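> Before I ask anything, let me first share the structure, which is written out below as structure tokens.
The values are calculated or read from the model by the stated rules, or taken from the named source; none is laboratory data. Computed from a predicted structure; not experimentally measured. Using ideal geometry, Cβ is built from the backbone for each residue, glycine included, and neighbour counts are taken over all protein chains shown.
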Amino acid sequence: MKIVVLIKQVPDTTEVKLDKKTGNLIREGVDSIVNPDDRQALELALQLKDDCQAMVTAVSMGPPQAVDVLSEALGMGCDAAVLLTDRAFAGADTWATSTTLGKAIEKIGDFDLILCGYQAIDGDTAQTGPQIAEYLGLPQACYVDNIENVEAGKITVTRRNDEGYERLSLTLPALLTVSKITVAPRYPMMGNLIDAGCEDAAIQIWNAVDIGALNSELGMEGSLTQVVKTFSPKTKRAGELLEGDVPEMVSELLGKVRQAHLI
Amino acid sequence: MGVWIDSELCNGCKRCLKACPYDAVAMRGDKAVILEHCTACGACIEACRQDAVKTDVVAREIPDFSDHRGVWVLAEAQGGELNPVSLELLGEAQELARTLGQKVGVILPGWDIAGLAPTLARFGAAKICLAEDKALATYRVEIYTEIVAELVAEYKPDILLIGATSRGRELAPRLARRLKAGLTADCTMLEIDPDEKILLQTRPAFGGNVMATIASRYSRPQMATVRPGVMQPCECEGSQAEIINHLVKVPETPAVAAAKVLEVVREAKRKVRLNEAKVIVAGGRGTGGEMGFKLIEKLAEGFGGEVAGTRIAVEEGWVPVERQVGQTGQAVRPELYIACGISGAVQHRAGMQDSRYIIAINKDPGAPIFSVADWGIVGDLHQIIPEMLTQMAL
């Protein structure tokens, strides 16, 4: 069985802080990490490797430094990795991203299963996975938290939804987006990490030409959506800070709450 | 291709720095420079008043979309019941359609749905397209993509709104790819650009500390998903709707044939509809854990309200996911929202800032939650809440 896992390097948004003067994001000193849902996708893939000798290839699209997340993937136990990096990929929306990753997967060619995280913490769109499934004409299951089994060319999974959960059977090849699995993703092993850092590490680097893509279908140029403007979130009301000791503040607060007929 | 700054013309005003969504402009001395990770989005070009930002990116031609008309909603129903988000989207669609001078349409795929048409009409749909078939009784994204794509191709809407439910968030991207249309997820504000007459879609972005306004100039329909609770339904009296019954033929594509639902399990506890609560008491990282949430539960009980939490509180397991408020949880607008130990990241604020009254209790006087609160108390919730309970005689 051959598995492709799509992973993304993201800023650790739990560390991101606002510059109090400018209201802008302070990105300096913020670590880059493997997107949390993508680590869970890696874990599910590697469990299949443990159980049925699957061969796992990690793929990431990003700037050259995104090679770090692929080293981590190799460290966790992936067999091979592909970095998609090209200036032409920059500024892609999910449409252009799914084109790029879709073409890379077509180039890999031989696969039974594609796994990726449900969503990335820097964008929170959850769009890229389903769009790759559509690009490749594959069945999809989103929000998968467990793979029950893989048998006779079919995979059985459970996935969460707003009402509860569903058990689905998909004929392979298929695409799953993964979130909230029950076990913690494994840590990279030191030996593997050292190998991943070697010159002959199993990381291939592909650009636009390698995946046979035209610049007009990639990056900003190939995107269907554009950012028109960005701004700091509006603050609608000026908060009135209550003063005094605890009983005084609480008493004043409850007075206001009663005045507004909220109790 | 790229963007660069003519340092002769740059006067160091830093407008481009502020405009850049990607932090890809920096000051070198008193001149701005474009950094390596620039995506050539062009935001700085528009911001510059000195005409100092230069580009060799050729402006893309916008195709003629005059044959696309109407603001449409993809409604969602299950077991003969509409998802409330569909009516909320119809409320927003009425506003947008009024601005554009267009009509509101709705597509409803499913089974046992014919009885829902009057409700859709009452909440603003002028054209109702029902795609009713037993094959649609159990939701499968592959089949729904086929059916909805066919209807969108037939009715050519200018705008298509979809609820960001678990189904919608799975179906919308696949559908957008099929339709070759741009899609923006989890919009918190939608408006029509007065000049271009295009849909401006605003959502939190870049780690959530920035709001981004996004446009889909190069494709139709302009597609956006919106979280439940963000928009308001709007009933209109005496409205007549044209009802079209669409004959459903499910194509046997490989993807459709490849997916089978084995079991559907509904969990009653996941049905907490926070947005129906009058009072919500919510906790975040500052609650410190279960002890803090015990206090929050008591306070919620005292107000006859519901308990909610931030993403962190959910991830820590202090509060179940169906009680998460914010960008990735539910959007709520109760009469009173009491935020305890919540710093107020924009993702959280996006889900609660439309509440009628907001109380914030936090140790850090600089916490952004205070900027959206009506009343704030700087202090330890472990002291404040017990005092509130005492004074409320609870």
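> Any idea which of B:CYS44, B:CYS38 is at the interface with chain A (Cβ under 9 Å from one of its Cβ atoms) and touching a strand residue (DSSP E or B) at 6+ places or on another chain (Cβ under 6 Å)?
Step by step, each of B:CYS44, B:CYS38 is checked, and only B:CYS38 is at the interface with chain A (Cβ under 9 Å from one of its Cβ atoms) and touching a strand residue (DSSP E or B) at 6+ places or on another chain (Cβ under 6 Å).
> For region A:226-233, does any single residue satisfy the condition of being closer than 30 Å to B:PRO320 by Cβ, free of Cβ contacts under 8 Å to residues at least 12 places away in the same chain and either within 14 Å of another protein chain (Cβ to nearest Cβ) or of a type in the set (S, T, N, Q) (or both)?
Yes: one or more hits.
> May I pose another question? Hand me the list of strands (runs of 3 or more DSSP E) wholly inside region B:195-247 holding 2 or more residues that are surrounded by fewer than 22 Cβ atoms within 10 Å (Cβ to Cβ), within 14 Å of another protein chain (Cβ to nearest Cβ) and of a type in the set (S, T, N, Q).
So the answer is none; nothing clears 2.
> Out of B:ARG356, B:ARG349, which single residue is surrounded by fewer than 17 Cβ atoms within 10 Å (Cβ to Cβ), of a type in the set (Lys, Arg) and over 15 Å from A:LEU242 (Cα atoms)?
Only one candidate qualifies: B:ARG356.
> Considering only residues of region B:51-94 that are charged (D, E, K, R) and in contact (Cβ under 8 Å) with a residue 60 or more places away in the chain, which is nearest to B:ILE159 (Cα to Cα)?
B:ARG69
> Being more than 9 Å from every other protein chain (Cβ to nearest Cβ) and either free of Cβ contacts under 8 Å to residues at least 40 places away in the same chain or within 20 Å of the chain's Cα centre (by Cα) (or both) narrows it down to one residue among B:ALA393, B:ALA339; which is it?
Of B:ALA393, B:ALA339, the one residue that is more than 9 Å from every other protein chain (Cβ to nearest Cβ) and either free of Cβ contacts under 8 Å to residues at least 40 places away in the same chain or within 20 Å of the chain's Cα centre (by Cα) (or both) is B:ALA393.
> Which members of region A:99-142 meet the condition of being in a strand (DSSP E or B) and either surrounded by fewer than 24 Cβ atoms within 10 Å (Cβ to Cβ) or aliphatic (A, V, I, L, M) (or both)?
A:LEU113, A:ILE114, A:LEU115, A:ALA141
> Looking only at region B:176-194, filter to residues that are within 8 Å of chain A (Cβ to nearest Cβ) and in contact (Cβ under 8 Å) with a residue 40 or more places away in the chain; which one of those is nearest to B:GLU146 (Cα to Cα)?
The residue in question is B:ALA176.
> Looking at the structure I just gave you, is B:VAL25 at pLDDT 90 or above, in contact with an Asp or Glu (Cβ under 8 Å, 6 or more places away or on another chain) and surrounded by 15 or more Cβ atoms within 10 Å (Cβ to Cβ)?
The answer is no for B:VAL25.
> Then there's this: Given the structure, is A:LEU253 at the interface with chain B (Cβ under 8 Å from one of its Cβ atoms) and part of a loop (DSSP other than H, G, I, E, B)?
Against the criterion (at the interface with chain B (Cβ under 8 Å from one of its Cβ atoms) and part of a loop (DSSP other than H, G, I, E, B)), A:LEU253 does not qualify.
> Here's another thing I want to ask about it. Out of region B:134-148, which residues are surrounded by fewer than 18 Cβ atoms within 10 Å (Cβ to Cβ) and of a type outside the set (Val, Ile, Thr)?
B:LYS134, B:ALA135, B:ALA137, listed by residue number.
> When the residues of region B:275-294 are narrowed to those that are outside any loop (DSSP other than H, G, I, E, B) and touching a Cys at 6+ places or on another chain (Cβ under 8 Å), which ends up farthest from B:ALA393 (Cα to Cα)?
Once the filter is applied, the top-ranked residue is B:GLY286.
> Restricting attention to region B:250-268, which residues are at pLDDT below 90 and within 7 Å of chain A (Cβ to nearest Cβ)?
Correct list: B:ARG266, B:GLU267.
> Tell me, yes or no, whether region B:342-353 has at least one residue that is within 15 Å of B:GLU306 (Cα to Cα) and within 11 Å of another protein chain (Cβ to nearest Cβ).
The answer is no; no qualifying residue exists.
> Considering every residue within region B:79-100, establish whether at least one is out of contact with any helix residue (DSSP H, G or I) (no Cβ under 7 Å at 6 or more places or on another chain), modelled with pLDDT under 90, within 14 Å of chain A (Cβ to nearest Cβ) and under 30 Å from B:ALA135 (Cβ atoms).
Yes, region B:79-100 has at least one match.
> Condition check: within 27 Å of B:ALA205 (Cα to Cα) and at the interface with chain A (Cβ under 10 Å from one of its Cβ atoms). Does B:VAL372 satisfy that?
Answer is yes for this residue.
> Please determine whether any residue of region A:167-181 is away from chain B (no Cβ under 12 Å), in a strand (DSSP E or B), surrounded by 19 or more Cβ atoms within 10 Å (Cβ to Cβ) and in contact with a strand residue (DSSP E or B) (Cβ under 8 Å, 6 or more places away or on another chain).
Yes, because at least one residue in region A:167-181 is away from chain B (no Cβ under 12 Å), in a strand (DSSP E or B), surrounded by 19 or more Cβ atoms within 10 Å (Cβ to Cβ) and in contact with a strand residue (DSSP E or B) (Cβ under 8 Å, 6 or more places away or on another chain).
> Need the failing condition index for A:ARG237 against (1) over 22 Å from the mean Cα position of the chain (by Cα); (2) more than 7 Å from chain B (Cβ to nearest Cβ); (3) part of a loop (DSSP other than H, G, I, E, B), just the number.
With (1) over 22 Å from the mean Cα position of the chain (by Cα); (2) more than 7 Å from chain B (Cβ to nearest Cβ); (3) part of a loop (DSSP other than H, G, I, E, B) applied to A:ARG237, the lone miss is (2).
> Sticking with this one: Among (1) surrounded by 15 or more Cβ atoms within 10 Å (Cβ to Cβ); (2) without any contact (Cβ under 8 Å) to a residue 12 or more places away in the chain, there is one condition A:GLU199 misses while meeting the rest; what is its number?
(1)
> Okay, next question. For A:ALA58, which of the numbered conditions (1) more than 13 Å from B:PRO173 (Cβ to Cβ); (2) touching a Lys or Arg at 6+ places or on another chain (Cβ under 9 Å); (3) in contact (Cβ under 8 Å) with a residue 40 or more places away in the chain; (4) among the aliphatic types (A, V, I, L, M) fails to hold?
(2)
> Here's something else I'd like to know. So, in region A:117-131, of the ones that are in contact with a Phe, Trp or Tyr (Cβ under 9 Å, 6 or more places away or on another chain) and under 17 Å from B:VAL226 (Cβ atoms), which residue ends up farthest from the other protein chains (Cβ to nearest Cβ)?
Step by step, filter region A:117-131, then rank; the result is A:GLY123.
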